[in-house]
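Contents: one structure, followed by commentary.
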Amino acid sequence: MEKLRLNKKELNTVIAELSRRLENCNNYSKFRFNGGQIKDQTTIKKPTLIINTTAYIKMFLLVDSTNNEISWHGLIDKKNNTYCLYDILMFPQVNSSTHTGTEDEDYMAWLSEKITDPDFPIEHLRCHGHSHVRMNTKASSIDDEYQNNMVKNIEDNDFYIFMILNKHRAMNVYLYDFEQQVLFTEKDINIQLVNDNDGEELISWTAEMIDKYVSEPVYTYNRYKGGKKNGFKQK
């Protein structure tokens, strides 16, 4: 668990402690300060994350169906301290073996369509997941930056969940709980897999989603002087 935002009282306490330690520091090059520790964890309510079988199978079918990284969004229904991931959505993306991302214009058009759809539960769009293919599922520096940018505008009573999966069935979960101001990881979360039996045929869903939303980068090359292009002489 890690501390997220500080209230005014906590902020003043941290500033006072930091000032005290700096004043008594004799070697600044070795100065260390960790303000993100939660000393008293007895007051923290650890969450439960329920993953419906449809959502679970969809995620790993997407991961298994490509040798590139791939992304998706999840729909989360929260009741008290229980979060239910009940479905997976795809969106336009450009993927390679080491990166998954979006073109801003295509993604904003997709998001605008969802926001203006009166039947779409936009308030449940609170999850982002992606794969690391066969690499470990620890968040990279790029993942950390993406998460930090995504949660900047999350309200103090809201939440967001990030997930990283791979082909070995490993899963990392980062649950930003801005009501308790705590970042939970999978070791702090009671994760349950629950059968929903909605009857959707998922293999064809996976093929359709990849065909509709996923593309690979288009690389362009400079034309070289001297009648050469791409390093080869042109006839």
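The values are calculated or read from the model by the stated rules, or taken from the named source; none is laboratory data. All values reported here derive from a predicted model rather than from experimental measurement. Using ideal geometry, Cβ is built from the backbone for each residue, glycine included, and neighbour counts are taken over all protein chains shown. These accessible areas exclude ligands, DNA and RNA; they are computed on the full protein's heavy atoms, side chains included. Shrake-Rupley method; radii C 1.70, N 1.55, O 1.52, S 1.80 Å.
A few comments on the model shown:
- Qualifying residue in segment 194-202 (condition: free of Cβ contacts under 8 Å to residues at least 40 places away in the same chain and open to solvent by less than 20 Å² (accessible area, probe 1.4 Å)): no
- Residue satisfying all of: in segment 67-109; under 13 Å from LEU49 (Cα atoms) and among the aliphatic types (A, V, I, L, M); surrounded by the most Cβ atoms within 10 Å (Cβ to Cβ) among these: LEU85
- Condition broken by LYS167, with the remaining ones in (1) outside any helix (DSSP H, G or I); (2) open to solvent by 90 Å² or more (accessible area, probe 1.4 Å); (3) farther than 28 Å from LYS45 by Cα; (4) of a type outside the set (S, T, N, Q) satisfied: (2)
- Hey, THR137 surrounded by 18 or more Cβ atoms within 10 Å (Cβ to Cβ), hydroxyl-bearing (Ser, Thr, Tyr) and in a loop (DSSP other than H, G, I, E, B) or not: yes
- The C-beta contact set for segment 165-183 (first residue farther than 15 Å from ASN81 by Cβ, second residue of a type in the set (Phe, Trp, Tyr) and not in a strand (DSSP E or B), distance under 8 angstrom, 6+ apart or interchain) comprises LEU165/PHE60; ARG169/PHE60.
- Residues in segment 140-164 that are within 26 Å of LYS58 (Cβ to Cβ), in a loop (DSSP other than H, G, I, E, B) and either open to solvent by less than 30 Å² (accessible area, probe 1.4 Å) or among the basic types (Lys, Arg) (or both): ILE154 only.
- Of the numbered criteria (1) in contact with a Phe, Trp or Tyr (Cβ under 9 Å, 6 or more places away or on another chain); (2) exposed (fewer than 13 other Cβ atoms within 10 Å of the Cβ); (3) assigned to a loop (DSSP other than H, G, I, E, B), the one GLU113 fails is (3).
- The residue pairs whose first member lies in segment 85-105 and is touching a residue at least 40 places away in the same chain (Cβ under 8 Å), whose second member is in a loop (DSSP other than H, G, I, E, B) and loosely packed, with under 13 Cβ neighbours inside 10 Å, and whose beta carbons are closer than 7 Å, counting only pairs six or more residues apart or on different chains, are PRO92/GLU103; VAL94/GLU103; VAL94/GLU216; VAL94/PRO217; ASN95/GLU216; SER96/GLU216; SER96/PRO217.
- Criterion (open to solvent by 10 Å² or more (accessible area, probe 1.4 Å) and within 18 Å of LEU193 (Cβ to Cβ)) met by exactly one of ILE51, ILE57: ILE57
- Residue count, segment 179-223 (criterion: small (Gly, Ala, Ser) and within 30 Å of PRO47 (Cα to Cα)): 1
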